[in-house]
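One structure is given here, and the rest of the page talks about it.
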Amino acid sequence: MTDIIVAPSILSADFANMGKAADDVKKWGGDWLHCDVMDGVFVPNITFGMPMVKALNDYTEMTLDVHLMITEPEKYVGKFCDAGADYVTFHVDASKDVSAALDIIKNKGKKCGLVLNPDKPLSLVEPYIDKIDMLLIMSVYAGFGGQKFIAESIEKLKDAKKLIGNRDILLEIDGGVGEDNAKEIIAAGADVLVAGSSVFGSKNPAKTVSILKGI
Ligand code: DX5
Ligand code: ZN
């Protein structure tokens, strides 16, 4: 038994078969579906928006972990909650009113979280630490799947764990997570491991998911 949550990212799935991706993730033992929303402005890539989240929510019972890589998230977080997101996270530096955006999510009865790119210090989230349900540490620069894990993220995870202390906040890591570094990531304190290419590109995804869970 393990408490580690594995959240495969559908960014690495077949976009013409998202229902199958959700079924596969469940079959492989994944816990959540990680949904990467990119607007082409905050990051140089565009993926999908609320309609995809709604379609997945209509299709599957799985927890939807929506990672917003968009500017002015305060304008959209409510819409993603309405679409069926269970967790909504956004980059702290993307919002002009972080507190208001977190409040919108909370008032919708959903879980809220903040995200830090590799060059963004933990001090940026400290003022909001008592408002969030999850802290997402990026171990690659947000924008694309299949990038290499940035080794310094391990120390950042340890520092984030210290900052969280005994608060009820999940620590999530995203980017370049795979069979080779899962142990070290879990030892550094991560609770939620996002993994795109390592799961969807695996010859044996169920085995990969169990390795990511530390089993
Ligand atoms: C990157 C996304 C990640 C991405 C991870 O901007 O936030 O969730 O899908 O992909 P891998 O696991 O392939 O690095
Ligand atoms: Zn992500």
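The values are calculated or read from the model by the stated rules, or taken from the named source; none is laboratory data. All values reported here derive from a predicted model rather than from experimental measurement. Reconstructed Cβ throughout: ideal geometry from the backbone, glycine too, with neighbour counts over all protein chains shown. SASA here: full protein model, heavy atoms, side chains in, ligands and nucleic acids out. Shrake-Rupley method; radii C 1.70, N 1.55, O 1.52, S 1.80 Å.
In this structure, is Ile154 in contact with a Lys or Arg (Cβ under 8 Å, 6 or more places away or on another chain), of a type outside the set (Ser, Thr, Tyr) and outside any loop (DSSP other than H, G, I, E, B)? Here the answer is no, as Ile154 does not meet what is asked.
Checking each residue in the stretch 171-200 for being within 16 Å of ligand 2 (Cβ to nearest atom), small (Gly, Ala, Ser) and either assigned to a helix (DSSP H, G or I) or open to solvent by 40 Å² or more (accessible area, probe 1.4 Å) (or both) picks out Ser197, Ser198. Scanning the stretch 201-215 for residues that are open to solvent by less than 50 Å² (accessible area, probe 1.4 Å), more than 16 Å from ligand 2 (Cβ to nearest atom) and either basic (Lys, Arg) or out of contact with any Ser or Thr (no Cβ under 7 Å at 6 or more places or on another chain) (or both) yields Pro205, Ala206, Val209, Ser210, Lys213.
Here Thr60 meets each of (1) farther than 16 Å from Val192 by Cα; (2) away from ligand 1 (no atom under 16 Å from the Cβ); (3) surrounded by fewer than 18 Cβ atoms within 10 Å (Cβ to Cβ) with one exception, condition (3). If you filter the stretch 33-54 down to residues that are buried (at least 20 other Cβ atoms within 10 Å of the Cβ) and of a type outside the set (Val, Ile, Thr), you find that the one that is nearest to Val194 (Cα to Cα) is His34.
Among the candidates Tyr87, Tyr76, which residue alone is in contact (Cβ under 8 Å) with a residue 24 or more places away in the chain, open to solvent by 40 Å² or more (accessible area, probe 1.4 Å) and closer than 16 Å to Gly109 by Cα?
Details: Tyr87 fails: open to solvent by 40 Å² or more (accessible area, probe 1.4 Å).
Exactly one residue qualifies, and that residue is Tyr76.
Can you report the number of residues in the stretch 12-27 which are of a type in the set (A, V, I, L, M, F, W, C) and open to solvent by 40 Å² or more (accessible area, probe 1.4 Å)? First the steps, then the outcome.
From the stretch 12-27, those of a type in the set (A, V, I, L, M, F, W, C) are 13, 15-16, 18, 21-22, 25; that's our starting set.
Going one step further and asking which of them are open to solvent by 40 Å² or more (accessible area, probe 1.4 Å), we end up with 15-16.
Residues flagged as of a type in the set (A, V, I, L, M, F, W, C) and open to solvent by 40 Å² or more (accessible area, probe 1.4 Å) within the stretch 12-27 amount to 2.
How about the stretch 132-163: which of its residues are open to solvent by less than 50 Å² (accessible area, probe 1.4 Å), within 14 Å of ligand 1 (Cβ to nearest atom) and not hydrophobic (A, V, I, L, M, F, W, C)? Those that are open to solvent by less than 50 Å² (accessible area, probe 1.4 Å), within 14 Å of ligand 1 (Cβ to nearest atom) and not hydrophobic (A, V, I, L, M, F, W, C): Ser139, Gly143, Gly145, Ser153. Within the stretch 1-21, no residue that is closer than 21 Å to Leu193 by Cα sits with its Cβ atom under 9 Å from a residue that is loosely packed, with under 11 Cβ neighbours inside 10 Å at 6+ positions apart or across chains. Consider the stretch 108-154 and keep the residues that are touching a residue at least 24 places away in the same chain (Cβ under 8 Å) and of a type in the set (Asp, Glu). The one that is nearest to Asp39 (Cα to Cα) is Asp133. Annotation note: of Val66, Val53, Val43, Val88, the sole residue that is at pLDDT 95 or above, assigned to a loop (DSSP other than H, G, I, E, B), of a type in the set (Val, Ile, Thr) and within 19 Å of Gly143 (Cα to Cα) is Val43.
Output the residues belonging to the stretch 93-129 that are assigned to a helix (DSSP H, G or I) and within 15 Å of Glu172 (Cα to Cα). Reasoning before the result, please.
First, the residues of the stretch 93-129 that are assigned to a helix (DSSP H, G or I): 93-94, 98-107, 122-124, 126-128.
Scanning the stretch 93-129 gives a single hit, Leu122.
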